[in-house]
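Asks: Structure below; questions to follow.
Rule-based calculations on the coordinates, nothing more; no lab input. Just so we're clear, the structure is a prediction, and the values are computed from it rather than from any experiment. Please note: Cβ atoms are built from the backbone with ideal geometry, for glycine as well, and neighbour counts cover all protein chains shown.
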Amino acid sequence: MEAKKARESFTVKNSHVLPPDTNSHGTLFGGKLMAYIDDIAAIAAVRHCRQPVVTASIDSVDFLHPVFEGHAICLEAFVTWTHNTSMEVFVKAITEDLLSGDRKVCTTAFVSMVAVNEENKPVPIPAVYPETDQEKRLHAGASARHDQRKERRKESKELAEVYGTGLPW
């Protein structure tokens, strides 16, 4: 399988933040932004591997700036690193006051996606290679982030075993 350039998966999504998308503070629901992140990461991942994908994890999402009603939200994503069947997708979300033009990065996130076949079994994917300095920086730290995700997943499984499906009382 031939490796692909990171920029081949680059994806952009814009949305106007409307009243149904906002909470009582007039800002975008955090869950709505997380749904946008998952959606754009999936598109970038499919562009990379040309296979169906599923979300394996989303690293922490820190809300750096509020996204107000009437503003625009622009998300950019691309595949930064690949493993055998999984890939890391970097997502950056930018809020824009459409009247003033003021723009701020409101969050960044790393999303792990896994390519699957018709039986939802993981399938091999092409490697990715960075070209720009920004792509190289993200690629260089990806293996360590992958190891952190594996450890976090192990801890999550342990918690699931300890707490199970029963009620706590």
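Asks: Alpha carbons only, please: Rg and Dmax for the range 59-141, in angstrom.
Replies: Reported Rg and Dmax, both Å: 15.9, 49.
Asks: If you place +1 on the Cβ of every Lys and Arg and -1 on the Cβ of every Asp and Glu, how big does the dipole about the Cα centre of the chain come out, in debye to the nearest 20?
Replies: That gives a dipole near 340 debye.
Asks: Net charge near ASP97, counting Lys/Arg +1 and Asp/Glu -1 over other residues with Cβ under 13 Å of its Cβ?
Replies: Here the charged neighbours net out to -1.
Asks: Which of GLU96, GLU155, GLU76 moves the most in a Gaussian network model of the chain with Cα springs under 10 Å?
Replies: The residue with the greatest mean-square fluctuation here is GLU155.
Asks: Moving on to the next point. Can you give the FRET efficiency for VAL116 and THR165, using 1/(1 + (r/R0)^6), R0 = 25 Å, r = Cβ-Cβ distance, to the nearest 0.05?
Replies: 0.45
Asks: What's the extension gain from MET34 to ASP102 if we count 0.36 nm per residue and subtract their Cα-Cα distance?
Replies: That works out to 22.3 nm of additional length.
Asks: Once you have the alpha carbon radius of gyration of the chain, what is it after dividing by 2.2 N^0.38 Å, with N set to its residue count?
Replies: The value comes to 1.13.
Asks: Given only helices, namely DSSP H runs of n ≥ 4 each adding -39500 (n - 2.57), what is the per-residue ellipticity at 222 nm of the chain, to the nearest 500 deg cm²/dmol?
Replies: Value at 222 nm, helices only: -10500 deg cm²/dmol.
Asks: Provide the gained length on full extension for the span THR55 to LYS154, in nm with one decimal, where the gain is 0.36 nm per separating residue minus the Cα-Cα distance.
Replies: In short, 34.0 nm is gained.
Asks: Would you mind pulling out the separation of the Cα centroids of the range 4-57 and the range 120-169, in Å?
Replies: 18
Asks: How much net charge surrounds ARG47 when only the other residues with a Cβ under 12 Å from the Cβ of ARG47 are counted, with Lys and Arg +1 and Asp and Glu -1?
Replies: +3
Asks: Okay, next question. Find out how many positive minus negative residues lie around GLU135, taking Lys and Arg as positive, Asp and Glu as negative, among other residues whose Cβ is under 11 Å from that of GLU135.
Replies: +2
Asks: Can you work out the base-10 log of I(q)/I(0) for the range 115-169 at q = 0.18, 0.25 1/Å, using the Debye formula on its C-alpha atoms alone?
Replies: One equal scatterer on each Cα of the range 115-169 leads to -0.87, -0.99.
Asks: Can you tell which of GLY30, GLY141, GLY101 shows the greatest fluctuation in a Gaussian network model of the chain with Cα springs below 10 Å?
Replies: GLY101
Asks: Of all DSSP beta bridges in the range 4-163, what percent run antiparallel (nearest 5)?
Replies: 95
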